[in-house]
Structure formats: C-alpha cells, structure tokens
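Structure first, then comments.
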Amino acid sequence: MYLVSHPDEVKVISFRFGQGAEQIDKYIELGGYEQARRAIDMGPEAIINEVKASNLRGRGGAGFPTGLKWSFVPKGMDRPKYILVNGDESEPGTCKDRPICEYDPHSIIEGTIIAGLAVGAKQGFIYMRGEYRYLLDIMDKCIADAYAKGFLGKNIFGIEGLDFDCMSHSGAGAYEVGEESALMESLEGKRGVPRIRPPFPAVVGLYGGPTVINNVETIASVPHVLRLGGAEYAKIGTDRNGGTRLFGISGHVEKPGVYELPMGYSLRKAIYEVAGGIKGGKKLKAVVPGGSSTPVLKADEIDVGMDFDQLAKAGTMLGSAGIVVLDETVSIVEFALRTIKFYQHESCGWCIPCREGTDWLKKTITRVYQGNGVSKDLDNIKYLAENMMGRTFCPLGDAAAMPTIGFITKFRDEFEAFLSENPPTPGLVLQQAPNLVQLAAH
Amino acid sequence: MSTPTTIFSAELAARLDRLVTLYPVKRSALIPMLLYAQDEIGYCSDAVVAEAAVRVGITELDVRNVLSYYSMLRQKPLGKFHIQVCTNISCMLRGGYEILEHCQHKLGVHENKGVTPDGLFSVEEVECIGACCWAPAVQVNYDYVEDVTPASMDAAIDKYRQLARPQ
Amino acid sequence: MAEVKTVNLTVDGKQITTPAGTLLIDACKSVGIEIPAFCYYPGLSLQGACRMCVVRVEKMPKLQTACTTPVAEGMIVTTESEEIAQSRKGILELLLGNHPLDCPVCDAGGQCELQDMTFKYGASGSNYVETKNHKEEQQWSPVVFFDRPRCILCYRCVRVCGEGMDVWALGVQNRGSSSVIAPNGGDHLDCEECGACIDICPVGALTSGAYRYKTRPWEMNHTATICTHCGDGCKTTLGTRQDNAGSEIVRGDNRDKSGINGDFLCIKGRYSFDFANREDRLTQPLVRQANGKLEPTTWEVAIEHVGKRLREVRQTRGGKAIGVIGSNRTTNEENYLLQKFARMVLQTNNIDHHRTADYPALLAALGGAANKAASLRDFEKAPAMLVLGNDPTEQHPALAWNIRTNVRTNRSRLYLANHADIKLRRQAKAAIEIPAHGYGALIRYLAGQESEFVPNDTATKFREALLAEPELVIAFGSEFRGRDLETLVAWALTLPNCKVAALGDYVNSRGAADMGVLPDFLPGYAPAAEGAGFADEYGAPLPTEPGMNLVQMMDAAGRGELGALYVVGSNPVSRYGVEPAVLANTFVVVQDMFLTETALLADVVLPAANLYEKSGTVTNTYGDIQLVKKASDTSGVRTDFEMIVRIADKMGARAQSMVPFGKGLRADLGQSRGAQSGEADRHAVWLAANNYEPKLSPFDPFATFDEIQRLVPSYAISRFELFSGADKAMRTDLVQIANFPADRADLVLPANDTLFTSGTLGRYSKVLHEVMESRETSPAETAAD
Ligand SMILES: Cc1cc2nc3c(=O)[nH]c(=O)nc-3n(C[C@H](O)[C@H](O)[C@H](O)COP(=O)(O)O)c2cc1C
Ligand code: SF4
Ligand code: SF4
Ligand code: SF4
Ligand code: FES
Ligand code: FES
C-alpha cells in the first residue's frame, strides 16, 4: 500500500496520513484525543446533535445518517451497550478502511470513545477482517498505548467514574460478516448468519445489549466532525451528504489509489483527473462506482456527482466508494461472471433465494461465457436476479442481483455475442476456476 | 482457569487462556482462537477442534459448524507459505489471473489450494483482500505483496524459500 | 390474570383480532388462511430462511415474511396475489433446480411439502439445464438416513434436535450453496435417536432406516395407537402393509400430532415395533411333552390342557395353590379380565405383577382429592415443576420433552432434586443433589417435618422458592413409596394448586394397578377384603383374604406350595432372578411373544399378540386413559384377552360371566344367584341407561370396558372423547381407600430402563440392539465434550 495525492483532495480524515500518527505521541501532537476529551464535556445530546448537523452518513455502504442511528439507542442503562466498529472491509473494489487503520489508527479508537460517550456505551469492539492481521497488530498496539495514557480503561481522561474499554477482534474470512447483524453473530463466535430484524441492533444487539455499529471510516470521521464542527463539516459536501469520503479508484486507471474527495465530486473528474485517466490511453467502457454490488455505469453515464443521492438518481449507488474502472478491452460477461462468482462464494447460505439464486446465476453465466448458452439463458439470468431482489433475508442477495441486472440490461449485446456461431474466446477466469469448468463439463 | 492439557505452545495457550476472559461470553473468543491455533498448528486439526470446544465450552460439532463457515479456517494442512492470489474484479482487470497462473505454473501446483511436494508453498485463488488500488495483489500468509508482476512474484517466492532455509 | 392485549388487523379483507405479539402466520392460520412455510415451525426459533411465507403488508416497501412479522394494530395484509405467487414460485424453481425430481421413488413422495407446493404454485425446474448434484445417501445411525440433494435447508431438524430435544446433534456446516446439515459424529450421529428430525423434515432428506423404501405412504394403512413401551403412553401412528403373515408394521411416526405427546416420540415409540416380525416370534402353542421338551401343538389341545390342569389344581389344592402374574403391557380390559379370572374362576387373590410405582399408596394419599393428579399434559403448561428422583430423559422421554418445551416456550421454572446429575438439570432453575437414599429425608425437610436432612444455603433457597410458587406440578420417581410417598402427597396437598404424578415404568403399569392386578386390591383399589360388591356383580363368591404377592408366590413355589402359575405377558424369572428349580414342581403357563426365561420353564407356552395387535385401553403413569387400536396382525397368535376367555371356558366358567356380551346376558344366571334371582340384569340396565349397544363377541374387549366403566367409578370417563382419540384423566376423586395399611409391602422394583431398553420386550427389538451396539463402538463417546 502506498499513498497518493491530488490537489483536488480535501484532507480531513487523511490529514495525518504519512506523518507517523500510528505513534500515540505523534497522534496527540497532531491534535489527537482532544475531541474525545471535549466530548466528555459536551455530553451525549450535544455530541449527537453535532453529528446530526454534520450530515455524516455511514461509510459502510448504506449511507445511513450516523447521528440519527446513534439517537435510536435507548437512554438509560439497564443493559450494557456496545460500540462495534465494522472493519470487515471485503466488498470487491474497496480498500479505503485499510489506510485509516494503518496511518491513523488512533482516530478509530478516538471515534469509538466519542460514540460510546454519545450513547452511554462502556465497551467498544473493533472487528477486523482476518486477512488484515498486520492492521490488527497495529490496532492492538495503539489500544495498549491508549490504555497506558489513560484514554481507555477506568476513569478515562482522569475523570472519576468514567470508564471505557476497547478491544480488537479478528474475523476469519467471510464477506457476509460485514453485514451488521452477521457481524454481531460472528463476534459472538457463531456462523456469520444475519439476524431477524426488528429488533434492530440499536435496541437489541451484541449480547442482547443496545449496539451502535459503524464502519471504520464513519467512526474515524467522528473526531473530525467535532474538530471542525458539524456545520463546517457538512459544508464540505453536498446537501444531506456531509464531508469527504475516501474514494478507492482501481482498475484501468493510470494512478489507482485512495483519494479523499468531497462528497459530490464528479465521477468523470475522479477518473480522468484525479486518477490520471484510463490506463494506456485506452477508451473507457464502464465504471462500477461504489464497490462490486453497485450497478455498472456506461462510459456515457459518468457525469454524475458522487454522493448517495446523485448516484441513486443515476440508478446506481455510492456504496463503499470503491470506483472500478473498465476499459474498452474488458469483456462484460467475464466481469459479470467474476462478480457473481464472488457473491456465490460469499452467500452465507441461510436463505433460499440468495443461496440458490447466486448459484444458478453463476452456473448460467458460466455456461453462456463458455459459449454453451441457449437463448433463453439471457432472460433467465434477468429473471433469476429479479426474483432475488428484495426477497432475500439480508441485502447480500440484492448486492448480487443488482449488478447482474445492470450488466445484462446495459450490455446485453455482449452476452448475445456469446450465443452466436462464433463466440468470443473466454479469458482466464474459466481456466482458473476449476469448479466452474467442472460444472459446465457435465 | 487454564486448560490442564493443551496441544499449543505455552505462549499460545496463555494467550488463549486470556482471550476467553476478555469478552462477555467465552464463545466470542472462538473465531480468533481458531485462527491463532491454525497459525501455530498449520490447520484446524481434530485436536484443535477438541481443545477449542473445551476452551469455549461448546460441542465439537458447534466448533465445526463455525469453523467450516469461515474461508480462512481450514481443516487440512496447506503449504508453510500459503500464496493467496486475488482474482476479484480490480485484480482481474490488472492481471490477477495471470499472476495466479504464473504461481501455479512456477510451483507446479495446479488445483486450487494445491501444495508443493516439499510442503513449502500452496496456492489459492481468493476473493478481494482489500488491496484493489494496488492490484494485482497477493497475500503470502498474512503479508501483502502488491502491484505484483510475474517478476516480483518470483522474487517474493524466492524470498520465502530463503526464509524457510535453516540458518 | 392480566388482560391480554389484542390487536385488530385485516387479512385478505377479513377482520382479525388476535393477541398482541402473535406472528402473522399464526394469526392467519387462526382464521383458516394457510400460508406456505418451510422453515417456520411453531414452538421453534424463527428463521426467516425459506422466504415462502412472504405476504404484502401495506406501507412496507418489500414483501414481508409472515413467520417473523408480529401483528400490529391496523395492519392490512394480502396473502395471495400475482406478485406473491411469483415470489413463491421463484423459490420453488430454485429448489427444484438442484432437487432430484424422482418423487415417485422418494420416501417422502406423497407426504412432501415441497411436492405439494410445487403443485400449488405451478413451478418447474426446467429453466435449468445443468445436471443435478447427486451425492450418495448417507446412513447416520441405525435409524437416520440423509439424502443431501433433497435437503432444502429449512433447519427444522437442527432446531428440533437442539431446542426441542436438547441434544444438539445436528449442525449446519460450510456456507452458501455448499451448506449442509451435518451430524455431530462427523459421519454419524451420537444422539437420542428419537427421529424427531425425520418427522419434522418437510421433504425426503431425512428418512428412517426402519421403513425406507419399503413402501409408499399411500400404500400404507395408518393406525394411531399407544406406544407399548414406557409409562408416558405416547400416541404413535403405525403404518402397516399387508404381507403373507398378516399385516406388518413398517413405520411409526407422529405426523398426526393429536396425541398427548404433541410433537414428540422417542426411539421406542417410533421404531421399536420391530419385535413383532422377528424370526423367533412364537406363532404356535407349545406344550411340554413327556420327554421334557416343549413341542408345538394346536390351540385346541393347548388350551384344553391348561384348562384341565388348572381345574385339577383348583379342585385338589384350592385357589390358594394357584398364582397369577399379570403384565405391564396388556390392556386395561385384559388386566381386568385377568383379575376377574383369578378371583372368580381360579378362586385366588394370588395375583400380582412387576410393580414399578406405588400407585395404591398414591391413591390412598390423595384420599379422593379432585384435580390433584397431574396429567402428562400438565407438564407442558404448568408455570412451575418439581421433579424428585427418576431420570425423565431416560425413563420418561415424553415427560422430559414436555418439561423442556415448557421451560423453553413458557419460561416455566423447573426444580430438581436428584442423587445423580441428570440431563434435565440443564433446564432447571434450581437443583439440589442429595444422597441416593436421601429422598425420604428430603421430603420431610420440604414438608417442614423433622428430618435428618441438613439444608445448606441452596437447599434453603430451593425450599423457599418452591413454597412461593403459586402453582406447581410434581413428578416423582419410584424413590418414593409407602410412607415417603404419603408424606410427599400430604405436603403437596397443602400447597396451592399443586398436582402430583408418580412415575412408573411401562405403558400400562398404572392400568395393572388400577385394574386390581394386585393381591390386596380389586379394580379401582377396592380392598380385596371388601370384595363383596364385586362378588355380587360377578355372581360368584370371591376370596376375601389378601393373596400372595409375586415374591411370596415364588417363595411358595420354592416350598412346593404353588401348584400352578399363570403368567401373562411377564418375565418374572428374569426380572426377579428366579432359580429354575423354584418352579420345578409348579404347572406353569406363559402367554408371551417369545421364549423368554420364564417361558423356557413353562409347561405350556401360548403365543401372544402384542399391544399393536389388539384393541382396548391403557392408562399411563399419570392416569391418562387412552384408546389402543389394533394396527397389525401376526398369524398364529392370540390376544391375551381371548386366551383368558378360552381358558376360563375350558375351566367350566361361562363365557358370558367372564365377558358381558350378547343380550340379556344375566337372564339365565338367575337361579344360580339365589337371592338375586329374578333381579334385572344390571349390566343390560347400565347399557341401556348409557345408550350403548351390547357387544356381540366374547372376545370383544369393549364389552369388558363396559363392565369396567360400570364397576370402577374412577374409570367413568367420557367414552365419546376417548374413542375419538383423546386422552381422559382417570378420576382420582372417585377412589377412596379406607384403612390403607401403613406397613403394606410396596414391592416396587424399578425397571431402570434407559432410552434404548425396554425390559424383556426391548431385548427383542433389533433397532434398539443396533443402537446400543453403535453406541458401544462409537469413538465419539469417549472424546472430550
Ligand atoms: C453483505 C454486506 C456486507 C457488508 N460489508 C460491510 C463491510 O465490510 N464493512 C462495513 O463497514 N459495512 C459493511 N456492510 C454494511 C453494514 O451492514 C452496516 O450497514 C455498516 O457497517 C454500518 O456502518 P455505517 O453506518 O457507518 O456505514 C455490509 C453490508 C452487507 C449487506
Ligand atoms: S441474502 Fe440470505 S443467504 Fe444471502 S447472505 Fe443474506 S441471509 Fe445469507
Ligand atoms: S434435512 Fe430436512 S429438516 Fe433438515 S434442513 Fe434439510 S430439509 Fe430441513
Ligand atoms: S416416551 Fe415412552 S411412550 Fe413415548 S414413545 Fe417413548 S417409550 Fe413410547
Ligand atoms: S479485488 Fe483484488 S484486492 Fe480487491
Ligand atoms: S416460513 Fe417464513 S421464511 Fe420460511
């Protein structure tokens, strides 16, 4: 991993990146833990109001207003409450929590403390995907340092009776565990199967206690919201989309990387200016704007501002802000196959439409891509995906169906080409996926 | 508190003893416990399952239910250096499959999760590992190798081979 | 009681009012709207996994699952529409894509919920051209087979095993489309083998070894009757098929769920009917020849021989030289008839059976109190339960099921006192451990009497909590008899709303006692000494002196004082370890299915039908009376009822005096009854008064049931309900035992059966054998847990 930079960036959460802020003293020198200390004096209501005013929306993908989420936690203390930080980052195309964990890990701890103060929780958990072992080690050291400085533990910041504990926790490889209720199951040592809602986590969550679940980036933004003030923070972004986001731009661009841009920044500019344009001067074919679950945009659909609302209007989503750029050489069918292969692999299997639907989608697209498709397959792909939409137990089913519907409607001609007499030659995805080949060989 | 007999090293046993005390329920320690155990033993063997069951106070069946869900946890040994090549979208666009094929070819392992005869390496096609902007990306055990080219992959493999040599 | 809040909603245009908190799926069901469901199962945890139950709830953006949505005030719901049908059809198509479409050979064909729904929603798997996954069917235990491709992952089996049985032997492994149901032993199951997972499986994925592919559901006859094993008396539905030796039972299940056992059956009720078809089943009468060998003969010869010899002994040595041993597994009618035969024809009170609970002491202690005897059903709803002694999981599996269900779904409080760490402890709110012989002391302590029990803190709290319970049911094991039992019941009667149950071991142990298969009690616990009323009814003098109990009979035999012993469905030689020499000088007649240890010593062995081959009634240990229906047939055997009547006949007793069949049956008895001559036929009067038809066959057990109902007040229950399959509690308030002797020998010998044993009968069950063997060799048993 390495840092990139562009003049259009507005460095709010990334301002400490590359300055050694993983060292607690450096972090403090750069203003660290000041906001947590301030938050103690502000009190819950003021913190929540500030966060509400900031128009900070969840960076995990759904874009739920963070202040509102916190305000759902019941007041009063009959059950322990928890803050659960979601560092499961596994959506293909997404690698924006990683730099925070590596370059500014204390901001996550500080944000967790502030969230705890806001809702009255005394314990925070930072759940990291199992693959991020080196980040877990960094986090563990930072947590230990924060304990040593008295920012965590008993009587934090020297205030009698004010306790807050925080620990990290490692996952072990499962995308679905990023879904908030499956995340709680996983933290409780179980299979990553989502829970029935209601009750929502804010009321009945971890160990039955009210729980706030936020993405790493959301939590890391919180100290900055307090630092700048809610209103100032909101101003950076667009209407109802406050602040900045870490956009991960990957795929066929000259300068891939994670860039901090204000909400609402132009997708076209992000690709052509910030990320240096299409790699090798090729032509753009399509863009997946917010991680693999967001419907694809065609090359002529990229004049859109990147915030939750504008992208929704454009028929897609901001999601995890992982922009994946596809040049003219990409086979959309191959891309669609690789995408559905992922969801088929990651479906937890709990509910029928997702478990069986992703499996049939994978099988059918594989067959088409092999040149063994039949004409009704294309309608059937759409039919299958549409039958999943809104009918699965958790949003993973939608996450698999939405991009598929996008590919097959926007690039149907490419699918049709595989049904023709002389289908295009399939790429490596087939050879390297023995399970796919075997299936199709029957 | 500590389990009387353990298959783990003293350090790991002590770490696991502590781990179960950190959460409101012991069971919460299960997934990291299995991962750490696997790091030491190489895989989640029957003995690992049995000990984990005792440590968190659930049945072995329940341990297996959980263990089989998580893709990093394995019930068979793999190579000492497990090469995990991401072929997901961002990596695929930048040659992830070519890297996978290169590794398989170079090490002579052709099925997914195949292990070299000397047990040193194994190769697996994996899903996105959070390195999309530095694609194509590979993880060798927990180490990231990013912006991989066939040449840099070869260099990395050589480096691990060196590491495995007795000094 | 607190007012239950109700909620009004509209479903498909119908107004519904239901208690708040009801799930939409149940609310709909209550007004006859059936919503399709695979994963929902009442009483088990909610899943929301199959998505079949989707409905449209107004103001909600997506279709909602009716199985997870609680009703809400003003909710407007549509349960059938094109959109909903399409959604369900889509699910079915996905399932069918991988599911074998060989319904005609599937074991669940005809009983499959997937098949039914596919038909209803017009789905077909034809959108998918890939070959289906096929994996070999696996055998997980002697009784459980798993066919993975048929599994739709509804998780019902996992939940019923875990939540319902508290066994947790099934899990889900892997994820996504590789998800699979897995047994705890890796490739096999270590469990209680109850088969609940099979019963609850909506498709043919889990099937039973006992009947697999033997027949098609629609080729079977189904008879709901009562399990022949433990004292809980579960209803089991036996599927039978005609074969050349009669009609064979091919499967037992619990699909109708109308029984006292609700959703439950244990391995014995579900599978252990296999003794009926054993090779070594007796199908011809055997008579010991001069050469000392038992040789087959005809029924005529055998019965004639028995009648003749018994008559000789009665004439030469008197009734006192004859002993009768009855059964724990014969019907009430047979037990009643047996005691009538003993007392009226053999002229003896030497009648007993293997006693497994001290029922006379229980009834004496209840002293005619009404509503103080707990039914098995009380344990599924009582807010608090106390279990003293026994191990219900092993010995009263249905009771254990009810207790667990009650704790789980009603948060009932379970109190436990035991000398062993029994499994139900996991459900207990409070438990105390006592020494094996400490039950008497414990009950005196609980009852506030002087006691050598030294209470610690736990015990003090235990007692206080019990005393604070506003409503309690108590089940106690055979640890309590005689005086301890009396203390226990007397204490229970002082508690508010308390009911008690004595736990005896076999299907009709209670019935044997109720029907007077005891040396000192006539039917309905009328003391033998006060048998005048019965003598009057029977039209013959009855011995009034209490007879010998089972042990005394054996002693008498050993001394050469027992001329004849008539054993019906019992194996005292094995149970009491009787030396063969003891019976050397006694003429022994045995009615049984097999050449048991006792039968081997007999002079005549008569092949008997088992409980599944006859009709009548049985009474479970709680006093719940239930109907037994004949399910199957084995050629060559006779019911004990018929044999008793025929032996009586050969001894010169008139069949009509044994069994009140035919019209005007007493008319010709007038002269012999002296003072009563000319008196109206009381039985006929009773029949007429109750609007019952006289029975026409001397072998009709319901003729005897008429007589029982007429002469045993506590059995005067609604036969309308009984015959329509309901269980009716025996009326303890109509039992009064005056002068119950304080020093009466209870002679209770607990059978100590486990889940996988069932006295002598269990030894003849192949399935129980296999399970025992598989457990002996199973490595997982020794593994740490
Ligand atoms: C299948 C699935 C995977 C998800 N993975 C992640 C993830 O890896 N990280 C994350 O922060 N949120 C993930 N989410 C979103 C979370 O459910 C949740 O909305 C989020 O953590 C809330 O935090 P936020 O409000 O700060 O975004 C995922 C959701 C779904 C449905
Ligand atoms: S949609 Fe269903 S199967 Fe898919 S991940 Fe969610 S719960 Fe699991
Ligand atoms: S085996 Fe039957 S009951 Fe169990 S999950 Fe599969 S379909 Fe459901
Ligand atoms: S619990 Fe008893 S009555 Fe019920 S099935 Fe089992 S043995 Fe038969
Ligand atoms: S796609 Fe390869 S690391 Fe994300
Ligand atoms: S019955 Fe409602 S989801 Fe299965």
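The values are calculated or read from the model by the stated rules, or taken from the named source; none is laboratory data. These numbers were taken from a predicted model, which means no experiment stands behind them. Note that we place each Cβ from the backbone using ideal geometry, even for glycine, and neighbour counts take in every protein chain shown. Calculation scope for accessible area: heavy atoms of the full protein, side chains included, ligands and nucleic acids excluded. Shrake-Rupley method; radii C 1.70, N 1.55, O 1.52, S 1.80 Å.
Considering chain C at the alpha-carbon level, its Rg and Dmax are found to be 28.4, 92 Å. Working from the Cα coordinates of region A:312-434, the gyration tensor eigenvalues give, after taking √(5λ), semi-axes of 22, 17, 14 Å in decreasing order. Of the peptides C:476-483, A:311-318, C:715-722, the order by per-residue mean of other Cβ atoms within 10 Å, starting with the highest, comes out as C:476-483, A:311-318, C:715-722.
Stokes-Einstein diffusion for chain A at 25 °C, viscosity 0.890 mPa s, with a Kirkwood radius from C-alpha pairs, works out to 109 µm²/s.
Distance between the 7 Å Cα→Cβ label points at A:Phe72 and C:Gln242: 6.5 nm. Within region B:87-138, the proportion of C-alpha pairs whose separation exceeds 18 Å stands at 31%.
Among beta bridges identified by DSSP and lying wholly in region C:6-95, the antiparallel ones come to about 85 percent. The B and A chains share an interface that buries close to 4700 Å² of accessible area, total over both sides, probe 1.4 Å. Taken about its Cα centre, region C:373-502 carries a charge dipole of about 520 debye when Lys and Arg each add +1 at the Cβ and Asp and Glu each add -1 at the Cβ. You can think of it this way: the chain between C:His769 and C:Glu73 has 245.0 nm of extra reach, that is 0.36 nm per residue less the Cα-Cα gap.
Considering only C:Gly246, C:Thr297, C:Gly262, the residue lying farthest towards the positive end of the dipole of region C:224-339 is C:Thr297, judged by Cα position with unit charges set on Cβ. Averaged over the residues of peptide B:131-142, the number of Cβ atoms from other protein chains lying within 10 Å of each residue's Cβ is 6.
Across peptide B:23-30, the mean count of Cβ atoms from other chains lying within 10 Å of each residue's own Cβ comes to 5. Counting only protein heavy atoms and a 1.4 Å probe, chain C has 37 square angstrom of accessible area per residue.
Here C:Lys120 and C:Val31 are evaluated by their C-beta separation; at R0 = 25 Å the FRET efficiency comes out at 0.80. Mean per-residue shielding of peptide C:45-57 is 3, counting Cβ atoms of other chains within 10 Å of each Cβ. Applying 0.36 nm per residue to the separation of C:Asn8 and C:Thr409 and subtracting their alpha-carbon distance, the gain on full extension is 141.9 nm. Charge dipole (Cα centre; +1 on Lys/Arg Cβ, -1 on Asp/Glu Cβ; no other charges) of chain C amounts to roughly 840 debye. Rounded to the nearest 20 debye, the dipole magnitude of region B:10-69 is 260 debye, with +1 charges on Lys and Arg beta carbons, -1 on Asp and Glu beta carbons, and the Cα centre as origin.
Amide H to amide H, with H built 1.01 Å from N, C:Thr22 comes under 5 Å of C:Val71, counting only residues 5 or more places away or on other chains.
Interface burial in region C:72-103 reaches 50 Å² or more for C:Leu94, C:Asn98, comparing the full protein assembly with the chain by itself; accessible area from heavy atoms with a 1.4 Å probe. Peptides A:420-427, C:399-406 ranked from most to least packed by the mean count of surrounding Cβ atoms within 10 Å: C:399-406, A:420-427.
FRET efficiency for the A:Thr409 to C:Glu545 pair, using the beta carbon distance and R₀ = 60 Å, is estimated at 0.05. Stretching C:Asn691 away from C:Ala465 to a fully extended chain increases their span by 76.3 nm, per 0.36 nm per residue minus the current alpha-carbon distance. Each distinct pair of alpha carbons in region C:1-144 adds a 1/r term; the inverse of their mean, the Kirkwood radius, is 17.2 Å. Hey, what D do you get for region C:373-502 in µm²/s if you plug the Kirkwood alpha-carbon radius into Stokes-Einstein at 4 °C and 1.567 mPa s? D, rounded to a whole number, is 90 µm²/s. Of all DSSP bridge pairs formed entirely within the protein assembly as shown, close to 55 percent run antiparallel. Leaving ligands and nucleic acids aside, the C/A contact buries around 3100 square angstrom of accessible area in total at a 1.4 Å probe radius. Here region C:373-502 exposes an accessible surface that is 47 percent carbon and sulfur, computed with a 1.4 Å probe and the other protein chains kept in place. Spacing of the modelled spin labels on A:Ala46 and C:Asn585, each 7 Å from Cα toward Cβ, amounts to 10.7 nm.
Relative contact order of chain A: 16 percent, from C-alpha pairs under 8 Å at least 6 residues apart in sequence. Secondary-structure-derived ellipticity at 222 nm for chain C, considering helices only, amounts to -7500 deg cm²/dmol, per-run term -39500 (n - 2.57) for DSSP H runs with n ≥ 4.
Summed over qualifying helices (DSSP H, 4 residues or more, each -39500 (n - 2.57)) and divided by its residue number, chain A shows a 222 nm mean residue ellipticity of -12000 deg cm²/dmol. Under a 5 Å amide H cut-off, with hydrogens placed 1.01 Å from N, C:Ala431 pairs with C:Leu416 among residues at least 5 apart or on other chains. Between 0 and 90 degrees, the angle of helix C:766-777 with respect to the longest Cα principal axis of chain C falls at about 70 degrees.
A cut-off of 5 Å between modelled amide H atoms, ignoring neighbours fewer than 5 places along the same chain, links C:Leu386 with C:Tyr415, C:Val473, C:Ile474, C:Ala475.
Counting only Cα atoms, the size of region C:344-430 along its three principal axes is 54, 30, 19 Å, in decreasing order. FRET efficiency for the pair C:Thr494 and C:Ser178, taken as 1/(1 + (r/R0)^6) with r the Cβ-Cβ distance and R0 = 60 Å, rounds to 0.50.
The phi-based Karplus calculation (6.51 cos²θ - 1.76 cosθ + 1.60; θ = phi - 60°) puts the 3J(HN,Hα) values of region A:360-374 at 5, 4, 4, 4, 6, 5, 4, 4, 4, 5, 6, x, 9, x, 10 Hz, whole numbers, x for Gly and Pro. Using a probe radius of 1.4 angstrom, the carbon and sulfur fraction of the accessible surface of region B:10-69 is 53%.
Region A:121-150 and region C:563-606 have Cα centres separated by 77 Å.
The label point for C:Glu136 and the one for C:Leu734, both projected 7 Å from the Cα toward the Cβ, are 6.1 nm apart. When peptides C:28-34, C:540-546 are ranked by their average number of other Cβ atoms within 10 Å per residue, the highest-first order is C:540-546, C:28-34. Is any residue of region C:58-75 close enough, with backbone N under 11 Å, to a label point placed 7 angstrom from the Cα of C:Thr17 along the Cα-Cβ axis, and if so, which? Counting backbone N atoms under 11 Å from the label point, the list is empty. As an equivalent ellipsoid, the protein assembly as shown spans semi-axes of 73, 34, 29 angstrom, where each value is the square root of five times an eigenvalue of the C-alpha gyration tensor, largest first. Pairs of Cα atoms nearer than 8 Å and 6+ residues apart set the relative contact order; for region A:287-442 it is 24 percent.
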